[in-house]
Amino acid sequence: MPLTSSDATSDSSSLSFWQVVIAAIRGEHRDYTTETLNRAVVLLAIPMVLEMVMESIFALADVFWVSHLGSDAVAVVGITESIMTVIYAVAIGLSMAGTATVARRVGEKDPDRAATSAFQVILLGLLVSATLGLVGGSFGPDILRSMGGNEHVVSMGGSFSRIMLGGNATVLLIFVINAVFRGAGDAAIAMRTLWLANAINILLGPCLVFGLGPFPALGVTGAAVATNIGRGCGVLYQLFYLTARTNRVRIQLRHLHFELGPALQMLKLAANGTMQNLVNTASWIGLVKILSQSGSAALAGYTIAIRVVIFAILPAWGLSNAGATLVGQNLGAAKPDRAESAAWIAVRYNVFFLSAIGLLFIVFAGPIARLFTGDSATMAYGTQALWIIGLGFPFYAAGICLTSAFNGAGDTWTPTLLNLCCFWLFEIPLAWLLANHFGAGATGVFIAIPIAFSMLAIGSVFLFRRGHWKLQRV
């Protein structure tokens, strides 16, 4: 099936769907400021979707192997991961800054400034990770204890937490450098990085956890070692491509210098991006607090539903990242109308995809929940949460894409403000009112989620159409 577009700047060649898929995975170099927009979105989205899926496998692999060591070992991973969300938030904030700035420079056809910008964001990532690593590596066991871990959890997981928190540079750098590749349009390299890192982590995990063959049995600590080795190898692979291969962005000796102005601009973008992520993440904690009043079955059912939902919408983030890259590059090429068209195409594809997923959740909510629990009360709450949240999937699709479009343009403040208003000033109060004042209990919390995302989508559409993001300087 040929992918075509009415875009006046498109080339005359016609590629079949599978040719486009192969080209996307191979990472063929294309000019995304002139490429057919429909095709450009697909070419960027396919490797970005696969990258997001690979990122999710890291946490699943660790929990899978560690779960064989008992509940305390799983608790170690769970508590440490809850602290790692702060590091992920910072990494995502820096990634937003890296993608927006590099995409703008690539769109301007200025590879030297793109490489300099890439080095600035990598340097910022190193400085931030060193600070966080010093604190986390020094106080890992104390952090476990302060988060409610018992003494057995602390003694078992002290080394795990020290290695994960102290070695956070592998997390930050793999996020940040992949953001540079995405901004440059080299999404396939970012995808391959996660393939390599995941393959090493999956192979080393059981060897180091259980002591297979010549490897020592490190228990839960082995999972941390495997994860950091996997991510570390991924970073080395990234640096090889950034410095030794001819790509859209290639860092050379002349680019290795600190520039205060660009660094401060990136720091501002990253701070807003980090706040944006923290506001969004923290709102889920607020919902859990309200939901806990309805009992453990409601909380367990909600947890199952959210885990399934998050995994299901990962491909949507890949599509939204494709839109962000196209927005940034086309703004750099002084083509704001084309940047806007690219964002709306990504929205259209995303709405179609997530609407289909949402329909599956509505129809098959019961069987899906039954896969994760045999408890009837938990299954009932999980089923209800899945189909109610599934109703809002078209709105999630639009909100995710437009938020990424703002970020790709370098306007990280607008989505931060939207998240604050929609989730903290609207969703949490609404959930509390429905659950307590109107007596809806857990159902009220579930209802508040799609309503809040609908508000986010409507607000995003309104502000995006106003077009102030087109004037953002990066």
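General remarks:
- When Gly382 is tested against (1) part of a helix (DSSP H, G or I); (2) closer than 30 Å to Val474 by Cβ, exactly one condition is not met: (2).
- Checking the stated criteria, Ala188 turns out not to satisfy the condition of being in the same structural domain as Arg113 (by TED's automatic domain parsing), in contact with a Phe, Trp or Tyr (Cβ under 6 Å, 6 or more places away or on another chain) and either surrounded by fewer than 24 Cβ atoms within 10 Å (Cβ to Cβ) or assigned to a helix (DSSP H, G or I) (or both).
Table: residues versus (1) surrounded by 18 or more Cβ atoms within 10 Å (Cβ to Cβ); (2) polar (S, T, N, Q); (3) modelled with pLDDT under 90.
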position	(1), (2), (3)
Ala343	yes, no, no
Phe352	no, no, no
Leu359	no, no, no
Val363	no, no, no
Ile368	yes, no, yes
Met379	yes, no, yes
Ala385	yes, no, no
Gly390	yes, no, no
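- The combined condition, being modelled with pLDDT of 90 or more and in the same structural domain as Val76 (by TED's automatic domain parsing), is not fulfilled by Arg145.
- Taken over region 277-314, the criterion of being crowded, with 20+ Cβ neighbours inside 10 Å and more than 20 Å from Ala448 (Cβ to Cβ) is satisfied by Asn277 alone.
- The one condition in (1) of a type outside the set (S, T, N, Q); (2) within 26 Å of Ala188 (Cβ to Cβ); (3) without any contact (Cβ under 8 Å) to a residue 12 or more places away in the chain that Met52 fails to fulfil: (3)
- Residue within region 68-77 that is of a type outside the set (Phe, Trp, Tyr), more than 21 Å from Asp142 (Cβ to Cβ), buried (at least 17 other Cβ atoms within 10 Å of the Cβ) and more than 15 Å from the chain's Cα centre (by Cα) present: yes
- Any hit, region 57-70, residues being part of a helix (DSSP H, G or I), among the aromatic types (Phe, Trp, Tyr) and in contact with a Gly (Cβ under 7 Å, 6 or more places away or on another chain): yes
- From the list Leu173, Leu165, the one residue that fits, being buried (at least 24 other Cβ atoms within 10 Å of the Cβ) and either of a type outside the set (Lys, Arg) or in a loop (DSSP other than H, G, I, E, B) (or both), is Leu165.
- Thr243 being out of contact with any Leu (no Cβ under 9 Å at 6 or more places or on another chain), hydroxyl-bearing (Ser, Thr, Tyr) and assigned to a helix (DSSP H, G or I): yes
- Some residue of region 379-392 being hydrophobic (A, V, I, L, M, F, W, C), within 23 Å of the chain's Cα centre (by Cα) and within 30 Å of Ala40 (Cα to Cα): yes
- Residues (surrounded by fewer than 18 Cβ atoms within 10 Å (Cβ to Cβ) and under 10 Å from Thr412 (Cβ atoms)) located in region 259-274: Lys268, Ala271
The values are calculated or read from the model by the stated rules, or taken from the named source; none is laboratory data. Values in this document were obtained by computation on a predicted structure and should not be read as measured data. Cβ coordinates were reconstructed from backbone atoms using ideal geometry, including for glycine residues, and neighbour counts include every protein chain displayed.
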